[in-house]
Amino acid sequence: MSLSDSAVRHPIYKSRPVEPNPAGFGGQRINDFIILSEAFSNSYLLQTSEGNIQINAGMGFEAPVIKHNFDEFSKDALRYLILTQGHVDHVGGVAYFREHNPGLAVIAQAGNAQHQSYDGRLAAFRGNRSAFAFTDKFSSAFEQYARNDYSDYPAQDAPIADILVEDRYSFSLGGLTVEVIAVPGAETNDSVIVWLPQHKICLTGNLFGCPFGHFPNLVTIRGDRYRDALTVAAAVEVVMDLGAETILYGHHEPIVGGELIATELTVLRDAILYVHDETVKGMNAGLDVHTLMADIQLPSELEVGEGYGKVSWSVRAIWENYAGWFKHESTTELYSQPRSVIHEDLIELAGGPQAIVQRAQLKVGEEKYTEALHLLDIIAAHQRPSSGAAAVAIAAHEGLLSDSENFWLSSWLKSQIKLLQGTIPESM
């Protein structure tokens, strides 16, 4: 794709929200037969003359709110529930909807059970590692629910689907044709998209990540396996080839307009391929991963948001997905002792912790915030930071936060500031 000299692209990410939020009360009619209930991952209700079709079930505790929102528009029987992936914010409410809809048929990609099993093995690990980003959001949601006299939270479900899709599965209900298309390997290995060919509407779930128009998360800092860049780019092409005129995404409001959608998807695909190819080129040239993280930038014609995934993080994800964790920088990488085992020696050689704090303060003054934190990490590994060290660390995090437009990075920096201020427990 190339834009003509007279064409001016206005990247869509600049006009759309980024952060995911729990289900709130109140649904939204998208058109004459589709209703949206925003949640940690959007749910949609497709109305037909022979019953309804739902896309995604939310987390367990969100399910009654989602049902409440849909019931305001339609209380017709729910015939099908389609899961666009196996993440907890898509599948957790299935048992609740089954309970209220006898005979409900649940549709998922063939790898759904495997993905849920993978998620389940690391549930405690991931829950702890996600807390910094979502604890406040959960608290806010429960306060809102309590104000609406809602306190009975269904348990999180790990459902088994009734219909498994290997490639494509099509059905019709009340004159509406629905195609479920397997697109594994983008955000999860069990992703599907839902295509309504009569209306040229594609429901993508979180195929490319949380917010539309942003670089995908090829690895998440909450902890997940790497996503292959070429597979994600190919998933973008699957949606491009449909020629959708409306995309109902996994978060926030619809994207409308065939030309806009084609442009945004083309730029997204090309941005992913550009970062992949530049990373591979740098690896073959012998450049280290940190140099590539610093140097690889998207050209202006491939501008996408970095509010959820970041180019620099994706460079490292691509590097390590190909090459593994051994960077060939030091023999110590191959042994169990971390660098922190010699931090006490460094403190002694520096003349004590205060000398390190003073040097870190100088780095903050020079706006070299990450260098300041590297220095302070030497102290933090062996003793609780003094009030002076904590103040310098807070200043370094605040400096980094002032330059962050990324949901995950900002959430992490804010949580670390609170921790250093003593307003949240260390277990966070």
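Scan region 226-252 for residues that are in contact (Cβ under 8 Å) with a residue 60 or more places away in the chain and over 17 Å from THR84 (Cβ atoms) and report the count.
Selection size over region 226-252: 3.
Tell me which residues, restricted to region 114-148, are of a type in the set (Ser, Thr, Tyr) and more than 19 Å from LEU413 (Cβ to Cβ).
SER117, TYR118, SER139, SER140, TYR145
Within region 279-312, which residues are within 27 Å of LEU260 (Cα to Cα), out of contact with any strand residue (DSSP E or B) (no Cβ under 6 Å at 6 or more places or on another chain) and not in a loop (DSSP other than H, G, I, E, B)?
SER300, GLU301, LEU302, VAL311, SER312
Filter region 1-37 for residues that are of a type in the set (A, V, I, L, M) and modelled with pLDDT of 90 or more; which is nearest to GLU264 (Cα to Cα)? Step through it out loud before you land on a result.
Our first condition is that a residue be of a type in the set (A, V, I, L, M); within region 1-37, this holds for 1, 3, 7-8, 12, 18, 23, 30, 34-36.
Add one more test, that the residue is modelled with pLDDT of 90 or more, and what stays is 12, 18, 23, 30, 34-36.
On the way: ILE12: 7, VAL18: 16, ALA23: 27, ILE30: 21, ILE34: 23, ILE35: 24, LEU36: 22 Å.
So the residue we want is ILE12.
Only residues in region 336-352 that are under 13 Å from ALA380 (Cβ atoms) and of a type in the set (A, V, I, L, M, F, W, C) count as the first member; pair them with residues that are assigned to a helix (DSSP H, G or I) and open to solvent by less than 80 Å² (accessible area, probe 1.4 Å), Cβ under 8 angstrom, at least 6 apart or cross-chain, and list the lot.
That search, which allows pairs on different chains as well, returns LEU346/ILE356; LEU346/ILE378; ILE347/PRO353; ILE347/ILE356; ILE347/ILE378; ILE347/ILE379.
Out of GLU371, GLU366, which single residue is without any contact (Cβ under 8 Å) to a residue 24 or more places away in the chain and surrounded by 15 or more Cβ atoms within 10 Å (Cβ to Cβ)? Don't jump to the end; show me each part of the working.
Numbers: GLU366 fails: surrounded by 15 or more Cβ atoms within 10 Å (Cβ to Cβ).
The unique qualifying residue is GLU371.
Which of the residues that make up region 269-295 are of a type in the set (A, V, I, L, M, F, W, C), open to solvent by 10 Å² or more (accessible area, probe 1.4 Å) and under 22 Å from the mean Cα position of the chain (by Cα)?
Answer for region 269-295, where residues must be of a type in the set (A, V, I, L, M, F, W, C), open to solvent by 10 Å² or more (accessible area, probe 1.4 Å) and under 22 Å from the mean Cα position of the chain (by Cα): LEU273, MET293.
Is region 258-277 home to any residue that is in contact with a Lys or Arg (Cβ under 8 Å, 6 or more places away or on another chain) and either part of a strand (DSSP E or B) or hydroxyl-bearing (Ser, Thr, Tyr) (or both)?
Yes, region 258-277 contains at least one residue that is in contact with a Lys or Arg (Cβ under 8 Å, 6 or more places away or on another chain) and either part of a strand (DSSP E or B) or hydroxyl-bearing (Ser, Thr, Tyr) (or both).
Residues of region 306-347 being surrounded by 10 or more Cβ atoms within 10 Å (Cβ to Cβ) and over 32 Å from the mean Cα position of the chain (by Cα), which ones?
SER330, THR332, VAL341, ILE342, HIS343, GLU344, ASP345, LEU346, ILE347
Restricting the search to region 226-245, which residues are assigned to a loop (DSSP other than H, G, I, E, B) and of a type in the set (A, V, I, L, M)?
Taking region 226-245 as the starting set, the residues that turn out to be assigned to a loop (DSSP other than H, G, I, E, B) are 226-228, 243-245.
The answer is ALA244, and nothing else.
Considering only region 359-391, state which residues are among the hydroxyl-bearing types (Ser, Thr, Tyr) and touching a Leu at 6+ places or on another chain (Cβ under 9 Å).
TYR369, THR370
Could you grab me the full set of residues in region 229-250 that are within 12 Å of LEU273 (Cβ to Cβ) and surrounded by 17 or more Cβ atoms within 10 Å (Cβ to Cβ)?
ALA229, VAL232, ALA233, VAL236
Take the conditions part of a loop (DSSP other than H, G, I, E, B), in contact with a Lys or Arg (Cβ under 7 Å, 6 or more places away or on another chain) and surrounded by fewer than 18 Cβ atoms within 10 Å (Cβ to Cβ) and apply them to GLY223. Does it pass?
Here the answer is yes, as GLY223 does meet what is asked.
Whether any residue in region 90-100 is under 12 Å from ALA158 (Cβ atoms), charged (D, E, K, R) and without any contact (Cβ under 8 Å) to a residue 24 or more places away in the chain is what I want to check.
no
Mind telling me which of the residues ALA63, ALA133 ends up being at pLDDT 95 or above and either open to solvent by less than 40 Å² (accessible area, probe 1.4 Å) or on the phi > 0 side of the Ramachandran plot (or both)? Let's see the steps before the verdict.
Working: ALA133 fails: at pLDDT 95 or above.
ALA63 is the lone residue from the list that is at pLDDT 95 or above and either open to solvent by less than 40 Å² (accessible area, probe 1.4 Å) or on the phi > 0 side of the Ramachandran plot (or both).
Hey, could you check region 70-91 for residues that are under 30 Å from PRO184 (Cβ atoms) and either among the basic types (Lys, Arg) or part of a helix (DSSP H, G or I) (or both) and say which is most open to solvent (accessible area, probe 1.4 Å)?
Let us first name the residues in region 70-91 that are under 30 Å from PRO184 (Cβ atoms), namely 70, 78-91.
Checking the rest, the ones that are also either among the basic types (Lys, Arg) or part of a helix (DSSP H, G or I) (or both) come to 70, 79, 88-91.
On the way: PHE70: 6, ARG79: 96, VAL88: 71, ASP89: 27, HIS90: 0, VAL91: 3 Å².
Among them, the one singled out is ARG79.
Restricting attention to region 92-103, and to residues there that are surrounded by fewer than 18 Cβ atoms within 10 Å (Cβ to Cβ) and of a type outside the set (Gly, Ala, Ser), which single residue is farthest from ALA23 (Cα to Cα)?
Ranking the qualifying residues of region 92-103, first place goes to PRO102.
The values are calculated or read from the model by the stated rules, or taken from the named source; none is laboratory data. Predicted model only: the values in this text are computed from it and were never measured. Every residue, glycine among them, receives a Cβ derived from its backbone with ideal geometry; neighbour counts consider all protein chains shown. Side chains are part of the model used for accessible areas, which takes the heavy atoms of the whole protein and leaves out ligands, DNA and RNA. Shrake-Rupley method; radii C 1.70, N 1.55, O 1.52, S 1.80 Å.
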